[in-house]
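A short write-up of the structure that comes next.
The values are calculated or read from the model by the stated rules, or taken from the named source; none is laboratory data. Computed from a predicted structure; not experimentally measured. Glycine also receives a Cβ, built like all others from the backbone with ideal geometry; neighbour counts cover every protein chain displayed.
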Amino acid sequence: MPSAERRPLVAANWKMHKTVREAEEFLDRFVGEIGDLGGVEVVVCPPFTALAAAVERTRRSPVRVAAQNVHEQDSGAFTGEVSIPMLRELGVAGAIVGHSERRALFGETDEALARKVPALLDAGLEPILCVGETEAERDGGETEAVLRRQVEADLAGVDPPHLAELVVAYEPIWAIGTGRTASPQQAQEAIAFIRALLADRDSSAAAAVRILYGGSVKPDNAAELFAERDIDGGLVGGASLDPDDFLAICEAARP
Ligand code: PEP
């Protein structure tokens, strides 16, 4: 069971799914059914086009809305990008950064993440930083080296005490969208390692920072993952597209 000082958090990564109307339908149903989750924080990350509607539809609920990406500059000649002030104006609470799909398919680099994470924190937005190894890296015994490289590079620009304000998601790439979930022990080991890396920089921030597991979290495996000592909740892709499945996963994170 995770530490009482860290509030459990479950975040939905909708990726490139749901039009505005579909997002509204999901949220009207989900918000209507969510009830009292006993202290579990819930974040929904729709595509940019549905952010405004999602903020509007969750306004009188405990659900917060975050983006799936952001650019670190406030404005400029960056065709196709969206800035932090643009997200803030909508009432968006944070952004996923460093998702493996953005790293692999859209060239998001550790250098860019080292700028994005402090920019989000400076603006009072919550970064959800994703890190994780490929299957070949795990098979080659490189998991810890990969996590160390990503955590050190991506968070280099964050003042140590501010590490407590972000969220890290450990997402082994071999488990994302594959139906192959990491075992609770594999996830716990990797997440404890990430927490230890952060403790090298600030031990009280490391004890307070939320670290999520992501990778084929489903209603039937969420509870055993979330019961692990260092796992503070989940970042959920596929199973977050269905309101009943996502609600069941949020319920599984109750302390
Ligand atoms: C994700 O994309 O962050 C993710 C964890 O996806 P899935 O739950 O579908 O594996």
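Are there helices (runs of 4 or more DSSP H) fully within the stretch 1-92 with at least 1 residues that are closer than 27 Å to Glu108 by Cβ, away from the ligand (no atom under 16 Å from the Cβ) and within 18 Å of the chain's Cα centre (by Cα)? List them.
51-57, 84-90
Of the numbered conditions (1) over 28 Å from Ala23 (Cα atoms); (2) within 11 Å of the ligand (Cβ to nearest atom), Val209 fails exactly one; give the number of that condition.
Looking at each condition in turn, Val209 falls short on (2).
If you go through the stretch 73-89 one residue at a time, do you hit one that is crowded, with 22+ Cβ neighbours inside 10 Å, within 28 Å of Ala223 (Cα to Cα) and at pLDDT 95 or above?
Scanning the stretch 73-89 turns up no residue that is crowded, with 22+ Cβ neighbours inside 10 Å, within 28 Å of Ala223 (Cα to Cα) and at pLDDT 95 or above.
Pick from Pro46, Pro8: which is under 20 Å from Gly238 (Cβ atoms), touching a residue at least 24 places away in the same chain (Cβ under 8 Å) and crowded, with 19+ Cβ neighbours inside 10 Å?
Pro46
Conditions (1) of a type in the set (Ser, Thr, Tyr); (2) within 15 Å of the ligand (Cβ to nearest atom); (3) farther than 25 Å from Ala205 by Cβ, marked per residue:
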| site | (1), (2), (3) |
| --- | --- |
| Asp110 | no, no, no |
| Ala114 | no, no, no |
| Pro118 | no, no, no |
| Leu129 | no, yes, no |
| Gly140 | no, no, yes |
| Ala156 | no, no, no |
| Arg180 | no, yes, yes |
